[in-house]
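The values are calculated or read from the model by the stated rules, or taken from the named source; none is laboratory data. Only a predicted model underlies this, so the values are computations on that prediction, with no experimental measurement involved. Note that we place each Cβ from the backbone using ideal geometry, even for glycine, and neighbour counts take in every protein chain shown.
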Amino acid sequence: MGTGGGSAADVCRVADGRAGKHASGGGRRAARCARVMWRVLLALAAVSAAARASHDVVRSFSDPQAAPTSLFNHLVVDRNTGRVYVGAVNRIYQLSPDLEVAQSIVTGPVNDSALCTFDCPPNFVKKPADNVNKALVIDYATSRLITCGSVLQGLCSVRNLNNISHDVREVREPVVANNASASTVAFIAPGPPNPPMTQVMYVGVTFTGNSPYRSEVPTVSSRSLEDDRLFMIARTAVTTGTRMFVNSLSRERYPINYVYGFSSEGFSYFLTTQLRGVGSDTYYSKLVRVCHDDENYYSYTEIPMSCTGEGGGNFGYNLVQAAFVGKAGSVLASELGITAQHDVLFAAFSQSESINTNTPSDLSALCVYSLKAIRRKFMQNIKTCFSGNGSRGLDFISPSHACIGTKLQSISEDFCGLDVNTPLGGEQPVEAVPVAIFKKRLTAVAATATGDYTVVFAGTAEGHLKKIVVESATSAFEYGDIVVDERSPVNKDLFFDTQLMHLYVMTERKVSKVKVQECSVYKSCLTCLGAKTLTVVGVP
C-alpha cells in the first residue's frame with residue numbers, strides 16, 4: 001500500500017466515499033472499510049515517524065555524576081502524584097513527573113560478605129560491594145516506598161514517598177536475591193490474615209547458592225507489611241506458611257527465573273522461565289499461582305505457558321521476557337470472550353538460542369491471554385489431579401506422587417487448595433498464538449485500551465519502542481518505532497503517566513518520557529470519519 005502520496009484530508013475523502021458505497025451492504029463491509037482506513041492512518045503515522053522522532057521523547061533523565069557501574073534497575077510511578085522513582089546500583093532517585101531530580105540517595109557500596117548474615121561479627125573479613133536495587137515497590141496503604149538491595153543478604157528498607165531521604169527504616173530480614181544477576185520480582189496484593197482488607201508483599205527469588213544462608217530464603221513468599229512484623233513471612237506454622245522452597249537437592253541444578261508478577265481476582269501470579277523438569281535440559285515458561293486467602297500455600301500451582309506459532313520452531317517462543325496486565329479495547333475483548341473490564345495479560349516471548357539454553361534469541365513474539373482463560377486452565381489442571389488422574393509433579397519442590405482422588409463434588413475457579421495434591425504442577429498449558437512476530441528481541445511491554453482499540457508498546461533490546469495496535473486475538477499491526485536510547489536494552493518496567501498521555505521508558509542509563517499519542521496525525525481523519533465509524537475496526 002502506498003502511503004506517501006496523499007494528505008490526511010485526501011484519505012478522509014476516500015474514506016467518506018467508500019463508507020457511502022458500503023452503507024447498503026451492511027455493517028460487515030463498513031467494518032472492513034473502517035479497518036482499511038485505520039491501517040492507512042497507521043501507515044501514514046509510520047511514514048512520518050522518523051520526522052517526529054525528536055518530538056516523541058519529551059523529557060529524559062540521566063545522572064552524569066554516577067559511576068559507570070551505576071546502572072538503572074527498576075522504575076515505578078506513583079499513581080496519585082505522578083512522581084517517578086528509580087532504583088539503580090548504589091542509588092535511589094526521586095523524580096518529578098517531568099523527570100526533574102527531587103532527591104538522590106546513595107545506598108552503596110557497602111562493606112559486605114555473602115558468607116555471613118546482615119549482623120556479621122566486626123572482625124569478619126568484608127569488602128566493598130555494590131548495592132544493586134532488586135525491588136522497588138510503592139505501598140499505597142502507608143504512603144511509603146519499599147526498596148530492596150542485594151547487599152547484606154538482600155535486605156529491604158521503607159522510605160517516605162514525599163521525600164525518600166526521610167523516615168528511613170531498614171529491616172534486618174533477608175528478602176531478595178543477594179547478587180546482581182539473580183532475578184527478583186515483588187509486588188503488593190491482598191493476602192493473609194484477612195484479605196482483601198490486609199495486604200502483603202509477594203516475592204519471587206532465584207536461588208543464588210553463594211551463601212550458606214540462602215537456603216533460608218523462600219523461592220516464593222508472602223511478606224507481612226504490618227509494622228511489628230515488617231517483611232517477615234506473613235503466616236507460619238510448623239510445616240506450612242505463606243512460603244515455598246525449592247528442595248535442597250534441586251536448588252543448584254534447577255534455577256527458576258522470575259520475570260513478572262501481578263494480582264487478579266483473588267489470586268497472585270508469577271511468570272517464570274524454568275527447566276521442564278529436574279534432569280531436563282530444555283526450558284519453557286510457566287505461570288505460578290497462589291490464592292490470596294491461603295495461609296498455608298496449599299493452593300500453590302504451576303502450569304505451562306505456551307506462545308507458539310509460525311516462525312517459532314519446534315519449541316515455539318518458549319522464554320517469556322516481559323509482561324503487563326491491563327485492559328483490552330472492546331474489539332479485542334469481544335474476541336477473547338470477555339468484557340472491557342476484565343484483565344488481559346500481554347506477554348513478550350523470545351525463542352531460546354538453542355533448545356537447551358535459557359538465553360533468548362532475537363526472534364520474538366507478542367501473545368495475549370485473558371485472565372478468564374487462565375483461571376479456567378488452572379481449574380482444569382486442578383480438577384484433573386483431584387479426580388485422581390496423573391501425578392502431582394513439581395519434584396524440585398517435594399517428591400512427586402500420584403494424584404489423590406477426592407470426593408469433592410465440584411471445584412470452581414475460586415478453589416483455594418487443600419492439604420492434599422499440593423504443591424501441584426499441571427501439565428495442560430494455557431495457550432495462545434502470537435498476534436505479532438519480530439526479528440528484534442522484545443524486552444518490555446505495556447498496553448492501554450482506547451475505546452475499541454488496544455494499543456501495545458513494546459521495548460526492544462536495541463533501545464527502541466514499538467507502537468502496535470492489536471486488531472484481534474491473532475493479529476496486530478505495528479505503526480511506529482521510536483528510538484529511545486540506541487543500542488541500550490529497554491528495561492521491562494514500563495509505566496504510563498497519570499494521564500495516560502506518556503510512557504516512562506528506562507534503559508541502563510536513561511529514563512525517557514515518551515508521547516504515546518500524536519493527535520496531529522489523526523485529528524482531521526477522525527473529524528472526517530467520526531469516532532463511531534472507527535469503532536468497528538478489527539472485523540476480518
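Based on what the data block shows, is residue 389 free of Cβ contacts under 8 Å to residues at least 60 places away in the same chain, crowded, with 23+ Cβ neighbours inside 10 Å and not hydrophobic (A, V, I, L, M, F, W, C)? When the stated conditions are applied, residue 389 does not pass them. For the stretch 324-344, the count of residues that are closer than 30 Å to residue 181 by Cβ, surrounded by 20 or more Cβ atoms within 10 Å (Cβ to Cβ) and touching a helix residue (DSSP H, G or I) at 6+ places or on another chain (Cβ under 9 Å) is zero. Look through the stretch 109-132, keep the residues that are of a type outside the set (A, V, I, L, M, F, W, C) and touching a Lys or Arg at 6+ places or on another chain (Cβ under 8 Å), and return whichever of them is surrounded by the most Cβ atoms within 10 Å (Cβ to Cβ). Ranking the candidates gives 112 first.
Of the residues 443, 450, 474, which single one is of a type in the set (Ser, Thr, Tyr) and at pLDDT 95 or above?
Numbers: 450 fails: at pLDDT 95 or above; 474 fails: at pLDDT 95 or above.
So the residue among 443, 450, 474 that is of a type in the set (Ser, Thr, Tyr) and at pLDDT 95 or above is 443.
Checking each residue in the stretch 180-201 for being assigned to a loop (DSSP other than H, G, I, E, B) and either buried (at least 22 other Cβ atoms within 10 Å of the Cβ) or over 25 Å from the mean Cα position of the chain (by Cα) (or both) picks out 182, 191, 193, 194.
Quick one: would you say residue 246 is at pLDDT 95 or above and part of a strand (DSSP E or B)?
no
Would the stretch 352-365 turn up any residue that is within 15 Å of the chain's Cα centre (by Cα), of a type outside the set (Lys, Arg) and within 27 Å of residue 423 (Cβ to Cβ)? Scanning the stretch 352-365, I find no residue that is within 15 Å of the chain's Cα centre (by Cα), of a type outside the set (Lys, Arg) and within 27 Å of residue 423 (Cβ to Cβ), so the answer is no. Strands (runs of 3 or more DSSP E) fully within the stretch 311-382 that include at least 2 residues being in contact with an Asp or Glu (Cβ under 6 Å, 6 or more places away or on another chain) and not assigned by TED's automatic domain parsing to the domain that holds residue 463: none found.
Based on what the data block shows, is residue 136 under 26 Å from the mean Cα position of the chain (by Cα), surrounded by 14 or more Cβ atoms within 10 Å (Cβ to Cβ) and over 29 Å from residue 212 (Cβ atoms)? In short, no.
Among the candidates 469, 456, 483, which residue alone is buried (at least 22 other Cβ atoms within 10 Å of the Cβ), more than 22 Å from residue 261 (Cβ to Cβ) and not polar (S, T, N, Q)?
On the way: 456 fails: more than 22 Å from residue 261 (Cβ to Cβ); 483 fails: buried (at least 22 other Cβ atoms within 10 Å of the Cβ).
After ruling out the rest, the residue left standing is 469.
Can we say residue 152 is closer than 22 Å to residue 82 by Cα and either of a type outside the set (Gly, Ala, Ser) or touching a Pro at 6+ places or on another chain (Cβ under 9 Å) (or both)? It is false that residue 152 is closer than 22 Å to residue 82 by Cα and either of a type outside the set (Gly, Ala, Ser) or touching a Pro at 6+ places or on another chain (Cβ under 9 Å) (or both). Among the conditions (1) in the same structural domain as residue 189 (by TED's automatic domain parsing); (2) free of Cβ contacts under 8 Å to residues at least 60 places away in the same chain; (3) of a type outside the set (Lys, Arg); (4) buried (at least 20 other Cβ atoms within 10 Å of the Cβ), residue 222 misses just one, which is (2).
Of all positions in the stretch 349-358, none carries a residue that is among the β-branched types (Val, Ile, Thr), in contact with a helix residue (DSSP H, G or I) (Cβ under 9 Å, 6 or more places away or on another chain), surrounded by fewer than 24 Cβ atoms within 10 Å (Cβ to Cβ) and within 30 Å of residue 465 (Cβ to Cβ). Selection over the stretch 67-99 of residues that are without any contact (Cβ under 8 Å) to a residue 40 or more places away in the chain and among the hydrophobic types (A, V, I, L, M, F, W, C) gives a count of 1. Please verify whether the stretch 70-90 includes one or more residues that are in contact with a strand residue (DSSP E or B) (Cβ under 6 Å, 6 or more places away or on another chain) and at pLDDT below 95. Looking through the stretch 70-90, at least one residue is in contact with a strand residue (DSSP E or B) (Cβ under 6 Å, 6 or more places away or on another chain) and at pLDDT below 95.
If the requirement is being of a type in the set (D, E, K, R) and not in a strand (DSSP E or B), which of these qualifies: 252, 302?
252
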